[in-house]
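Peer 1: One structure follows; several queries about it will come next.
The values are calculated or read from the model by the stated rules, or taken from the named source; none is laboratory data. Values in this document were obtained by computation on a predicted structure and should not be read as measured data. Here the Cβ positions follow ideal geometry from the backbone for every residue, glycine too, while neighbour counts run over all protein chains shown.
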Amino acid sequence: MTDEVQAPLRSMRAPEMINIQLTTRCPLRCPQCYCDFHQGKDIKPELALKYIDQAAALKIPLISLSGGETLVYPYLEELLQAIHAKGIKSAIAISGWGVDTVKLQTLKSAGVGEIYVSLNGSSPEINDKSRQGYALAINALRLLQQDGQADYYINWVARNDNVPDFPNLVELAQSMGVRGVVIVESKPDAAYELPASLSRENFILLADYLKKHHQQDIPVAIEPCFSPLRAFIQQHFLWNGNTGFDKGCGAGRSSMAVDVDGNLIPCRHLLYPESYELIADYWQHSEVLDKLRRFEDNKGEPCRSCTLGKYCLSCRAVADKVEKNLFSGNHYCQAGAVAR
């Protein structure tokens, strides 16, 4: 089906991944969170199932389910079963809240693909600066390790208050049998602020660690959104390895999202809801997605003059929420200055 459709500008014919926001409810109140907890909404299961069916028809290989707290959603297992039945891989992000042996067996029986546990520090003192629920996350990781049958990872948000602790976090992940650690770029919080962006010193500290890290010990991946770090680390004398659709922000290029009201949005951090009955129509005709795809033609400083600019596509949510401009350059980025 997708082979007959021409890909829009700077994007794939159809998304490689869609995220479905199941709920805005969460029992935790993490300082870094971007969610509006005054709503307390759940997505209607029939809406989520409609888009799961469409994803299967478009041969979209991955559906990510998130919140709020994913495990508070009452129809989670039903959606996981539907995704699994369609031959699509699922991924869920959890804090560790609500995880016990019974819940884990339920998730496995429903066909969950990958489980990402959110943890920002190797100790409660470090983690608590940005997240609640350290003990919950550790408990979930121990249960997953004891079970030994699920693919589970740690999502770690890189912040100025936890970068020096990252080697300890990696050691903890190894001791817990984690399949890998994913480095996530810090996003604007619910007040549209970015209070813990990396200093030059901590950016270099993290980059140097990653350059020396042995992936055979435990895989450490950098999410595409953290494009400046990816581009900086993969810069070589005559070439840069950070290319393709995964080089940076994938919103409207390789991925999209469904919000809790069933609207289609570029990503869960870019709140431009549009009402389309079909994912395919949204992907082809959305004015918002078209605008995002034209960043290269309109990007502001410091990205326009950056030596890494050709290999970097920085997070548009930072530009939109903090700078109030989708085409803004990333004024919190250290990569360009360090690379000079």
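Peer 1: Answer yes if at least one residue in the range 273-280 is surrounded by 20 or more Cβ atoms within 10 Å (Cβ to Cβ), of a type in the set (Phe, Trp, Tyr) and modelled with pLDDT of 95 or more, and no otherwise.
Peer 2: Of the range 273-280, the ones surrounded by 20 or more Cβ atoms within 10 Å (Cβ to Cβ) are 279.
Going one step further and asking which of them are of a type in the set (Phe, Trp, Tyr), we end up with none.
Within the range 273-280, none of the residues are surrounded by 20 or more Cβ atoms within 10 Å (Cβ to Cβ), of a type in the set (Phe, Trp, Tyr) and modelled with pLDDT of 95 or more.
Peer 1: Sticking with this structure for a sec: Please enumerate the residues belonging to the range 312-338 that are closer than 25 Å to ALA257 by Cβ, of a type outside the set (Gly, Ala, Ser) and assigned to a helix (DSSP H, G or I).
Peer 2: Selection gives ARG316, VAL318, ASP320, LYS321, VAL322, GLU323.
Peer 1: Looking at (1) within 30 Å of LEU205 (Cβ to Cβ); (2) surrounded by 23 or more Cβ atoms within 10 Å (Cβ to Cβ), find the lone condition where GLY309 falls short.
Peer 2: Of everything listed in (1) within 30 Å of LEU205 (Cβ to Cβ); (2) surrounded by 23 or more Cβ atoms within 10 Å (Cβ to Cβ), GLY309 misses just condition (2).
Peer 1: In a loop (DSSP other than H, G, I, E, B), charged (D, E, K, R) and out of contact with any Ser or Thr (no Cβ under 6 Å at 6 or more places or on another chain), is that true of ASP261? Before the answer, list the steps.
Peer 2: Numbers: in a loop (DSSP other than H, G, I, E, B): yes; charged (D, E, K, R): yes; out of contact with any Ser or Thr (no Cβ under 6 Å at 6 or more places or on another chain): yes.
So ASP261 fits the description; yes.
Peer 1: What are the residues in the range 282-299 that are closer than 14 Å to SER328 by Cβ, crowded, with 17+ Cβ neighbours inside 10 Å and out of contact with any Cys (no Cβ under 9 Å at 6 or more places or on another chain), if any?
Peer 2: The one that is closer than 14 Å to SER328 by Cβ, crowded, with 17+ Cβ neighbours inside 10 Å and out of contact with any Cys (no Cβ under 9 Å at 6 or more places or on another chain): LYS299.
Peer 1: Would you point out the residue of the range 264-304, among those that are over 21 Å from GLU185 (Cβ atoms) and part of a loop (DSSP other than H, G, I, E, B), that is nearest to the chain's Cα centre (by Cα)?
Peer 2: PRO273
Peer 1: What are the pairs, 6+ residues apart or on separate chains, where a residue within the range 322-340 that is closer than 16 Å to GLU296 by Cα has its Cβ under 6 Å from a residue that is among the acidic types (Asp, Glu) and outside any loop (DSSP other than H, G, I, E, B)?
Peer 2: What qualifies is LEU326/ASP320.
Peer 1: Can I ask one more? Output the residues belonging to the range 28-57 that are modelled with pLDDT under 90 and within 21 Å of the chain's Cα centre (by Cα). Let's see the steps before the verdict.
Peer 2: Pass one, the range 28-57, residues modelled with pLDDT under 90: 28-40.
Within the range 28-57, LEU28, ARG29, CYS30, PRO31, GLN32, CYS33, TYR34, CYS35, ASP36, PHE37 meet the criteria.
Peer 1: Another question about this same structure. Test of understanding: among ILE92, ILE88, which residue is surrounded by fewer than 22 Cβ atoms within 10 Å (Cβ to Cβ), of a type in the set (Val, Ile, Thr) and in contact with a strand residue (DSSP E or B) (Cβ under 9 Å, 6 or more places away or on another chain)? Steps first, please.
Peer 2: On the way: ILE92 fails: surrounded by fewer than 22 Cβ atoms within 10 Å (Cβ to Cβ).
ILE88 is the lone residue from the list that is surrounded by fewer than 22 Cβ atoms within 10 Å (Cβ to Cβ), of a type in the set (Val, Ile, Thr) and in contact with a strand residue (DSSP E or B) (Cβ under 9 Å, 6 or more places away or on another chain).
Peer 1: Looking for whichever is within 14 Å of the chain's Cα centre (by Cα), among the hydrophobic types (A, V, I, L, M, F, W, C), surrounded by fewer than 18 Cβ atoms within 10 Å (Cβ to Cβ) and closer than 27 Å to CYS333 by Cα here; the options are ALA257, ALA221, ALA251. Which one fits? Step through it out loud before you land on a result.
Peer 2: Details: ALA257 fails: surrounded by fewer than 18 Cβ atoms within 10 Å (Cβ to Cβ); ALA251 fails: surrounded by fewer than 18 Cβ atoms within 10 Å (Cβ to Cβ).
Within the list ALA257, ALA221, ALA251, the selection yields ALA221.
Peer 1: Can you name the residue in the range 130-147 that is in contact with a Gly (Cβ under 9 Å, 6 or more places away or on another chain) and modelled with pLDDT under 95 and, of all such residues, is farthest from GLY68 (Cα to Cα)?
Peer 2: SER130
Peer 1: Shifting gears a bit: If the Cβ limit is 6 Å and pairs must be 6+ apart or interchain, which residue in the range 268-292 that is acidic (Asp, Glu) pairs with which residue that is part of a loop (DSSP other than H, G, I, E, B) and surrounded by 15 or more Cβ atoms within 10 Å (Cβ to Cβ)?
Peer 2: GLU274/SER286
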